[in-house]
Amino acid sequence: KKTNHNRTYDQSEAYYREACEYIVGGVNSPSRSYKAVGGGTPVFIKRAEGAYLWDVDGNRYIDYLGAFGPIITGHAHPHITQAIAEQAAKGTLYGTPTPLEVKFAKMLREAIPSLEKIRFVNSGTEAVMTTIRVARAYTNRTKIIKFAGCYHGHSDLVLVAAGSGPSTLGIPDSAGIPHSIAQEVITVPFNDLASFEEAITTWGEEVAAVLVEPIVGNFGIVMPEPGFLEEVHRLAHQKGALIIYDEVITAFRFTYGGAQNILQLEPDMTAMGKIIGGGTPIGAYGGKKAIMEQVAPLGPAYQAGTMAGNPLSLAAGIACLEVLQEKGTYAYLDRLGQKLEEGIHQLAQQFSIPVTINRFKGALTVYFGVDQVKNYEDAAKSDDRLFATFFKGMLKQGINLAPSKYEAWFLTIRHTDQDVEDTLQAVANTFKTLAAQ
Ligand code: PMP
């Protein structure tokens, strides 16, 4: 198969130059820049359908970015597009309760029973931020424990990563976060029970909640080791701390429900976003009734939103879940994921490229130059240069991946066997160049 598609990027380059004049850094979210892969012009997309994106220069891409997770039904799924159009014609925002929110809340609780009470917000960031506030209100404590490398949005409290020690008090990951706030955050390595036990023993009575991505998506796809989360639950509850699952990526990604359905564990609260908006802005949080009743107007914890539960997002979200309810959805994603994983493995062996692939169903991460990844530290050790070269090689052949070694490839129900085969051909070509370097 032809390797050089002679792609040009003149239009993207022109847009990027102009974007940089008006928009800070030329992007509206830093992860969209190519900074983590050595720089370059990000491709500007003007259209998407199914598994494909088209950029402003007319280049087509098989898309595995999935908009960083929300896109699981493929782009512009007709059922979702129609639901949005129909709702738009009836008005986009009323500032009143609507039947849609009742319907959607019911659907979510049916899928994820721990969501006894729910609130809709507009982003994953908001959802997580509010679960923490509610947990603090409920427990009358201030500290949280989180796991190194887990991303929970850009609110002050969670924008804290680990130091290198096993159990460190937070150091802010961003300028503009007061040290006093970061001090309320304890970070421990994922899958490291001893460190967690040390942290919860040391700070136990001050900890309002333990916040965790039950299946990690933010240093690539990383599964909890057997028994790890069970012990986290047990030890946290023993100290009176709540468990918050950040299911912003995982809700409806692996099954019709959350990672909690798969792991058979019940958190006290859950934050969601991404997929439940069917590709429109959304967030939601919920949990046990007694805890959620802390939220205004019932309780003293305040959270509000002009756009919260907006009809467009809910119409899209309901339509998306309806698509996902179709029989065989998750088995299909798993099968394609397996095909991709096995194919990449085989090619890695053939071309002697050192890779580790972490996959769960239709999501996977290819790490270069490491033997295993079970926490952030492992992922951080993976090879930046190999990844960057791989990313750019794939892009040139029409495969759009996330421009960071810490992200996942997301399959959609619109990817086909042929798409996966074409992708593997691109992988083969890229590995060949890597091997020759
Ligand atoms: N939590 C997790 C696990 C996420 O992956 C993200 C976004 N990548 C967020 C929270 C924040 O969501 P949003 O970008 O919608 O604010």
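Largest first and in whole Å, the equivalent-ellipsoid semi-axes of the range 298-437 read 34, 20, 14, each the square root of five times a Cα gyration tensor eigenvalue. Kindly express, to the nearest 10 degrees and within the range 0 to 90, the angle between helix 78-89's C-alpha long axis and the longest C-alpha principal axis of the chain. Roughly 60 degrees, rounded to the nearest 10.
Against the chain, whose longest principal axis comes from its Cα atoms, helix 384-396 is set at around 60 degrees. Of all DSSP-defined beta bridges confined to the chain, some 65% are antiparallel rather than parallel. Please report how far the C-alpha centroid of the range 380-437 lies from that of the range 89-160, rounded to the nearest whole angstrom. Comparing the Cα centres of the range 380-437 and the range 89-160, I get a distance of 33 Å.
Once Rg and the Kirkwood radius are both taken over the C-alpha atoms of the chain, their ratio Rg/Rh works out to 0.96.
Once you list every other residue whose beta carbon is under 15 Å from the beta carbon of Leu434, what net charge do they have if Lys and Arg are +1 and Asp and Glu are -1?
Details: positive: Arg385, Lys392, Lys396, Lys405, Lys432; negative: Asp383, Asp384.
Local charge sum for Leu434: +3.
Identify which of Val102, Val121, Val427 has the largest mean-square fluctuation in a Gaussian network model of the chain, with springs joining Cα atoms closer than 10 Å. Highest fluctuation among the options: Val102. Which whole number in µm²/s is D for the range 78-324 by Stokes-Einstein, with the Kirkwood Rh taken over Cα pairs at 20 °C and 1.002 mPa s? After rounding, the answer is 118 µm²/s.
Give me the extension gain from Tyr94 to Lys432: residue separation times 0.36 nm, minus the current Cα-Cα distance, reported in nm with one decimal.
Working: separation 338, 0.36 × 338 = 121.68 nm, distance 5.61 nm.
Taking 0.36 nm per residue and subtracting the Cα distance, the gain is 116.1 nm.
Within the range 198-250, the percentage of alpha carbon pairs spaced more than 14 angstrom apart rounds to 54%. For the range 78-324, the antiparallel share of DSSP beta bridges with both residues in that region comes to about 50%. Among Gly95, Gly69, Gly279, the residue with the largest mean-square fluctuation in a Gaussian network model of the chain, with springs joining Cα atoms closer than 10 Å, is Gly95. Straightening the chain between Arg385 and Met307 buys 23.9 nm, computed as 0.36 nm per residue apart minus the Cα-Cα spacing. Partners of Lys117 within straight-line reach, counting lysines whose Cα lies under 30 Å from its Cα and excluding those fewer than 8 residues away in the same chain: Lys90, Lys103, Lys106, Lys143, Lys146, Lys239, Lys274, Lys288, Lys289, Lys327, Lys361. With R₀ fixed at 45 Å, the C-beta to C-beta distance from Gln264 to Cys20 puts the FRET efficiency at about 0.40.
Rule-based calculations on the coordinates, nothing more; no lab input. In this text, all values refer to a predicted model and were calculated from it rather than measured experimentally. A quick note on method: Cβ atoms are made from the backbone with ideal geometry, for glycine too, and the neighbour counts reach across all protein chains shown.
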